[in-house]
Each structure stands twice: as structure tokens, then as C-alpha cells.
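Report on one structure; see the data block that follows.
The values are calculated or read from the model by the stated rules, or taken from the named source; none is laboratory data. Just so it is clear, the model here is predicted, and its values are computed rather than measured. Every residue, glycine as well, gets a Cβ built from its backbone with ideal geometry; the counts of neighbours run over all protein chains shown. What goes into the accessible areas is simple: the full protein's heavy atoms, side chains included, and nothing from ligands, DNA or RNA. Shrake-Rupley method; radii C 1.70, N 1.55, O 1.52, S 1.80 Å.
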Amino acid sequence: MTRPSLYPYATILPVMLVVAVFTVYPLLHSVYLSVHENVLTRPLDNDFVGLQNFREVVGGYYFWRSLWSTAVFAVMAVAAVTLYGLGVALLLNQPGVLGSTLLKVVVLLPWAIPSVISGIIWRWIFDGDYGVLNGLLLATGVVERYVPWMSQPFTARLCMVIAHVWKQGPLAAVFLLAALQIIPAELYDAVRMDGAGRWNAFRFVTVPYLKATLALVLIYETIVAVATFDLVYVMTGGGPADATAIIGWYAYTEIFRFLNLGRGAALAIILGLLLLGLVMIYLRLLRSEEAA
Amino acid sequence: MKRRRLESAALSAGCVVVALFILAPFAWMLVCSVAGEAELTRRPPVFAPSPTLANYAFIFTGQMPQDKTRHGIFVWQTSHEVRMLMPALRNSFIVALSVMAANVVFGALAAYSFARVAFSGRRSAYVFILTSRLLPAVAVAIPFYAIVQRLELLDTYRALILVYLAFTFPFTVYFLSVYFRYLPAEVEEAALLDGCTRFSTLLRVVVPSAAPGLMAAAAFAFMTAYNEFLFALLLTQTIAAQTMPVLLAAVATNPAVSHALLAACVILAIIPPALLAVVLRRYLTSGLIASVAR
């Protein structure tokens, strides 16, 4: 029997300290702010206002507008990322195929670079005045004049989704590839013996095995999409006509443009709860997968 | 047989298409970075401009090119912030390397205790560290600002390092403790029986055999810090501490920006993470998989 030692406590202390300072205090501070009036342009009014900030946020037009934009972006982005990731994973899972090594080497690149930079790159590609996409389309005769992709709500959303897929897709692909690689090869041999083609093998072996991982990827990507901020900041600034002003961006503008900390904090808490709900679902899925 | 070959040709084509989708944006940035502004502001742009290093030369030396026809000359004035790229990259490196070092040292120490040492409160401390990650960044922006302001650390490296440590520690601890748990315990037990302390066992036995995991953890921490934008934007104000993403976002959202200069900045800024992604791709891939699946 060893006497209780200080060693484990000493080793976890630095990590615990940093994490605690930046978790407990922010949480309390956010809650405090959200139930007080706190507008930086009216520094003398700091009354306790109860849930008024929350009521103002939820009762406001821009909140529902940004929720709608968030939902539209999240649905498009998650579907696109998952399909793209699945496609890439299936391609990477074919060892003998020419070109699969090339793909393996480059696939992580977009994931590794800052999302600010991926926003800058795609914003320049889609640029309505000098973008290379317009240039290519014009040179090949697909369009007769340049299209202002980023100035129309629908195409602006689409541009953001493409940039998002390019950046986030690799991660989804890596997750799905890991799941593909643990499918026993005998199963494929068995269905092939039964005369099944590639499509049926995919449907009856791959899909059932992938279900759990697909669910995880869907939830994880939903969390990532809802929390998107950098891309909006660099690519669209929330426009045109608030089409890309998703909720993280809306909270940012409430705080740093309109300087309403109380309402910003209330909004941030709502966003936090929304994400927390998604995380709970994620963890439940993770646990049920472990149990299976 | 013929069908087989057709299939594998289709799959190869798929790989090439995806690889093109991934690489084409980088390639176009590379082309833009050696072009003149005038070539990029034509409709359509010159797809294969005659290459020049003038953009890079301007970023490094501030020297403007003689050839005014290829370079719309006034953009050199309106994009003058690109001269700050090197200081901003320096800031990014100082912050990211510090975060990386602290993650490897303190993260490994804590993770090893969580993985192998029994002590009371272990489970709750572990859960606390992990759940702290559930707070979304935007939700804690104001309080983080308040903390940093109270510590009088606004516009310093230390502020960013502290905040990034709070973001990266949970993942590092989780990742490394899972990793350590998968190492064979017998060697460590033998070392302990031989009179090694926990600490020297960690240093002499665990660290050497966990080198790939430590490398992946280091790379993740580096990338997170190097790529972070929101808090760098909020907590820094001058080039004394401003990191690369903040500078580039400011340059890029300027409507009168020179796209050729911006492209050169982008190419310079992505070299470090791109190198990491290609060189360490095996460790990173297995690390990523471990982070969701286990």
C-alpha cells in the first residue's frame, strides 16, 4: 500500500487551472450579463432586467431570420459534406486504384489550413467582377456575362456551402474511411458469391455497417455548420440581405456592432444550449455505438 | 474482365476529379501570386500569366515594381498592410509553438495520470475537462475578453496562448490518455518495480513508445492555434500581437485589395500547415479517427 501521493494532483493542476478559469467564470459571467441591461453606448444603465434580453432576442425579427439562414445553411452543408465525405472515403478504400494514392496525400490539405484562408480563396474564385469561375464560364461560353454569385441570396449560400465542403469534407472522409476499413472483407466475398453486384454489396454490407458512423458524422457536422463564423466573416459579412447571417454571426454583430452585451450574451446562451442539445445527441449515439 | 477494367477506370477518374477539386483552388492562388494585378482584372483573367516574383518581393522588401502596365500601380498603396504579413506570421508562430509545447508537456503529464494513476477525484476531473469543450466559442467571447482585460493582457501573446490552451488542453488530454491506455502496461509496471517513480517511468518508458501520438497531439495543438480567428480578432489590436488570420481577414475584406498580393500572402501563410498535413498525414489520420471513434 502506497501512501496517497501528490503526484497525480500536481500533474493535472496546470491543465485543470487553465480549463477551470476559462470555463466556470465565463459561464457565470455570461449568465450575469444576459439578465442585466448592458449596452456599451449607455454605460450608466446596468439594471437587472430578468429575462427581458431573452424575450427581446426571441421576439425579434432578426433572430428568426438568422435561425432560418442557419437551418438552410446547416441542411445544405451537412448533406453536402456527408455525401462528399462518403464518396471520397469509398474512393480511398479502393487500394489498387490508380490515383487513390495521390488523393490520400492531398486529402487533408484543405482541412489543415485556416478557415479564414479557405474563405479568402473561395471568395476570390466566386468574385463577381474578376473571379476565375466567371472567367472560365465566360471563356467556355457557358455564360455571356459575369454572374454576381455572391450578391444573390441563393448563390451566395451555395458558394459558402462549396467552400465549407472543401474545408470540412476531408474530416468526414477520414472518419468514414476508418469505418469502412473495419468492415470484414469476408462479408463482401459472401455477397459476391451470392451473385450480388457492387451496388447490392454497397447496399447490404456497407450501408448497415456505416450507419452508426454516418449518424456521428451527421451530428458532428451539424454542430460545426451551426457554429460557422470565420467563413461568414471573410466571404459574405452576413449578406446579401442577411442570407448568410447565420446565428454565430448574428451573435457577433449584436455584441460587437450594436454593442449590446446583454442581448449578445442572451443570444450566445441560446446558441450554446442549441449546440449542447446537439452534443448530447452525439454523445448518446457514441455510447450506443460503443455498447453495440 | 472488361467490366472490371471499366470500373477501375471510373474509380481512377473519380479520384482525379476529387484531387482536382482539392488542388485547383491552391493552384489558382499560386498562379495569382505570380501574376500582375492588371492580368487578373481582365475579363476573363489571363489564365497563364508570365510569372513574376514582384508580389513576393513587395511583401518581403516593400519594393514596388517598375512595370506599371502589368501591375495596377495604385493597389500597391491600398494593400500596404500585406507588408505586415511577416510580423503577423511571426506572432502566429510564437503563439502556436508555445501552445504546442505547453500541450505536449502539461497535456502528457495530466493524460498519463488520468490513464494510469489511481487517485480520488480522477473521474470527475476528467469529465470536467472534457465537458468544458462543449462551450461554443461565441458564447464565451465576452467573458474571455473580460478575463484578459482584467489580467491586463489585451494585445499580448500571453492572452492568446492562455485562451488557446483552454481550447486545446481538453482534446490533448483526452487524445493522449486514450493513446497511453492502449500501450502495453507491463513495461511500465516493470519500471515501477525497479524503483522508477511515476514521472521517470513516463519520461523514460512511455514517452519514447508514444512518440507518434505525441507528435499528432503536437500537430493538432499547433494547427488549432495557428488557424484560430475569432479570439485573435477580439483580443489583439496591433501588429504587436495580431496573428496571420486576423491580418489576412483585414486585407481580404478591404474592397480595394490587390488580389495578386493577397494570393502571395495566402501561399506564404499556408506553407506550414500544408507541410504538416502532408508529412504527418498518417499520424494525423489515425489521431482524427481516434478522436471520434473511441
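Based on the Cβ-Cβ distance from B:Asn254 to B:Phe21, what FRET efficiency comes out when R0 is 30 Å, to the nearest 0.05? Please report the intermediate quantities before stating the final value.
Details: r = 28 Å, r/R0 = 0.95.
Computed FRET efficiency for B:Asn254 and B:Phe21 comes out at 0.60.
List the residues of the range B:34-59 for which accessible area in the full set of protein chains is at least 20 Å² lower than for the chain on its own; 1.4 Å probe, protein heavy atoms only. In the range B:34-59, residues shielded by partner chains: B:Leu40, B:Thr41, B:Arg43, B:Pro44, B:Pro45, B:Phe47. In order along the range A:231-248, phi translates into HN-Hα couplings of 4, 4, 4, 7, 7, 10, x, x, x, x, 6, 6, 5, 10, 7, 6, 4, x Hz, rounded to whole numbers, per the Karplus curve 6.51 cos²θ - 1.76 cosθ + 1.60 with θ = phi - 60° and x for Gly and Pro.
Inter-part distance, the range A:86-142 to the range B:133-166, computed on C-alpha centroids, equals 34 Å.
Please state the charge dipole magnitude for chain A, taken about the Cα centre, from unit charges on C-beta atoms (+1 on K and R, -1 on D and E), reported in debye and rounded to the nearest 20. Working shown, then result.
Details: 17 positive and 16 negative charges, 61 e Å.
Roughly 300 debye for chain A.
Across the range A:27-34, coupling constants 3J(HN,Hα) worked out from phi with the 6.51/-1.76/1.60 Karplus curve, θ = phi - 60°, read 4, 4, 4, 4, 4, 4, 4, 5 Hz, and Gly and Pro carry x.
Please average, across the residues of B:141-149, the number of beta carbons from any other chain that are within 10 Å of each residue's own beta carbon, and give a whole number.
Numbers: counts 10, 14, 13, 4, 5, 5, 5, 0, 0.
So the per-residue partner count for this stretch is 6.
Amide H to amide H distances under 5 Å link A:Val143 with A:Leu138, where only residues 5 or more positions off or on other chains count and H is placed in the peptide plane.
Other residues lying with their Cβ under 12 Å from the Cβ of B:Thr41 contribute a combined charge of -1, Lys and Arg counting +1, Asp and Glu -1. Positive contributions from Lys and Arg (+1) and negative ones from Asp and Glu (-1), summed over other residues with Cβ under 11 Å from the Cβ of B:Leu235, come out at -1. Other residues within the sphere of radius under 14 Å centred on the Cβ of A:Leu278, judged by their own Cβ, net out at +1 (K and R +1, D and E -1). For chain B, hydrophobic long helices are taken as DSSP H runs at least 30 Å long by C-alpha position along their axis with mean Kyte-Doolittle hydropathy of 0.5 or more; these are B:2-33, B:157-181.
Provide a whole-number value for the mean count of partner chain Cβ atoms within 10 Å of the Cβ atoms in peptide B:270-282. Don't jump to the answer; show the numbers that get you there.
Details: counts 8, 1, 2, 7, 6, 1, 2, 10, 5, 0, 2, 8, 1.
Mean partner shielding for this stretch: 4.
In chain A, excluding the sites themselves, the longest stretch lacking any of the trypsin sites (Lys or Arg not before Pro) that are in a DSSP loop with at most 13 other Cβ atoms within 10 Å is A:1-144. Residue by residue along A:85-92, Cβ atoms of other protein chains within 10 Å of the local Cβ number 3 on average.
Based on the Kirkwood radius over alpha-carbon pairs, what is the Stokes-Einstein translational diffusion coefficient of the range B:171-261 at 37 °C with 0.692 mPa s viscosity, in µm²/s? If you can, show how the numbers build up before the last one.
Working: Rh = 16.7 Å.
Using the Kirkwood radius from Cα pairs, D works out to 197 µm²/s.
Fraction of C-alpha pairs exceeding 30 angstrom in the protein assembly as shown: 57 percent, rounded to a whole number. Across all directions, the average flat footprint of the convex hull enclosing the Cα atoms of chain B is 22.5 nm². B:His80 exposes around 90 Å² of accessible area when a 1.4 Å probe is run over every protein chain in place. Under 19 Å of direct C-alpha separation, and excluding same-chain neighbours fewer than eight residues apart, B:Lys68 reaches no lysines at all. Restricting the range B:134-234 to GluC sites (Glu not before Pro) that sit in a DSSP loop and have at most 14 other Cβ atoms within 10 Å of their own Cβ leaves B:Glu152.
Can you give the FRET efficiency for A:Tyr32 and A:Arg55, using 1/(1 + (r/R0)^6), R0 = 25 Å, r = Cβ-Cβ distance, to the nearest 0.05? For R0 = 25 Å, the calculated efficiency reads 0.90. Taken across both chains, chains A and B shield about 8000 Å² of accessible surface from a 1.4 Å probe. For the range A:63-156, the solvent-accessible area with a 1.4 angstrom probe is 41 square angstrom per residue. Amide H contacts of A:His36: A:Val49, each under 5 Å away and 5 or more positions distant or on a separate chain (H built 1.01 Å from N in the peptide plane; Pro and chain starts excluded). Residues in the range A:209-215 carry Karplus couplings, in order, of 5, 7, 3, 4, 5, 4, 4 Hz; the curve used is 6.51 cos²θ - 1.76 cosθ + 1.60 with θ = phi - 60°, and Gly or Pro positions show x.
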